[in-house]
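*Asks:* Quick one: the structure is below, questions incoming.
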Amino acid sequence: MPPVIQTMWKEPLSRSDLEGEAAGKIISRIEGLKKLGCGLLRFGIPDINAAEVLGDLASMVSMPLVADIHFDYKIALRCMDFPIKKIRINPGNLGPHGASTTKSRVKAVLDKAKDRGIPIRIGINAGSLPSDLQKKTDSGSLTLDMAMAEAAERELVIFDEHNFKDVLVSMKASTIADTISANRILSARSDVPLHIGVTEAGPLITGVVRSTAALLVLLREGIGDTIRVSLSDSMEKEIIAAREILLAVSEFPDKTEGYNLPAVKGVKIISCPLCGRAGFNTHAFTERWQTRLYGMDKNISVAIMGCEVNGPGEARHADLGITGAGDKVLIFRHGKVVRTLGAEDADSAFEEELARF
């Protein structure tokens, strides 16, 4: 199986979200995220009230929900009273690192998670390292990648002491090189599953570029069991970006160290950027159809092209395509034109042809 795609809910949860029309909207959006290819949806849970709302939501949707907990271990304990599929904690900020109170809090969380069969993700971020490791990185005596890997190993020791095996680790930095290196280090030292991503990657274009630069390297080396593309943009775009990164990895004919990522299932979109030859507004058509196409359970390629040069010619391999041709629009299959029509009929005709698959 390819790595599982994850995204994170962008807004606070409140009780009103699960009432009346609002409930229908939130459930519909979550199911839509699942159709796009999201396998895990994480929620930031700052208090007990949010934990209870998330717990109720978990019983209303088919998407596995993850609770992200900081500071108060009691929130994690409350979340596990509900059908939550995973808990994400940073054990070091449940109390002073190494103190007996911290260890007892972590033990309480691990004991309940083990009893309920709930996995836990240890989340290590470059900006929230244990104080002694932070001092070393600030002084230059320890590199950030080594510090993150050491922080993760410390937490894994605690989990091992309590014989808790259902654990996954993430080590995220906003720098590409440190993200790659930290995950390489821990992957070489341990077989613990890894969640990978660049944290605070930025707005859409910046975030996609930076995430691709890091994730492409790690995935080609067989590193990464779940992934997230963190964008200052919508959850839907995070999922689409992650899908395209996995697809890019699967297209490499030579896999590093023999790693072979299974082909990503779903619709593959090919579209041209427009130019002076364009007879068809590919941007507008792609915007209208993108989310719907990615949400379809069809393993086909779809080409959205602007002119005859890039249409059936360069996209002849596509299962289904649409392109401009003067004042007309052509719909083609594997390079063969099957319909010629006016632009005003493009969407309805395209939908009819898509339904044939």
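Here, each number is a calculation from the coordinates, and none is a lab measurement. Since this is a predicted model, take the numbers as computed values, not measurements. No Cβ is skipped: glycine too gets one built from the backbone with ideal geometry, and neighbour counts run over all protein chains shown.
*Asks:* Which order do the peptides 52-61, 337-346 come out in when sorted by mean C-beta neighbours inside 10 angstrom, highest first?
*Replies:* Details: 52-61: 18.1, 337-346: 13.8.
Final packing ranking: 52-61, 337-346.
*Asks:* Among DSSP bridges having both ends in the chain, what percentage is antiparallel? Round to the nearest 5. Present the calculation step by step, with values, prior to reporting the outcome.
*Replies:* Values: 10 of 45 bridges.
Here the share of antiparallel DSSP bridges comes out near 20 percent.
*Asks:* Right, next: Just want to confirm a number: the relative contact order over the chain, from Cα pairs under 8 angstrom separated by 6+ residues, in percent. Present the calculation step by step, with values, prior to reporting the outcome.
*Replies:* Values: 662 pairs, mean separation 43.4, N = 357.
Reported as a whole number, the value is 12 percent.
*Asks:* Let me ask you something else. Determine by what factor the alpha-carbon radius of gyration of segment 268-354 differs from 2.2 N^0.38 Å, reporting the quotient.
*Replies:* Rg over 2.2 N^0.38 Å, computed on Cα atoms: 0.95.
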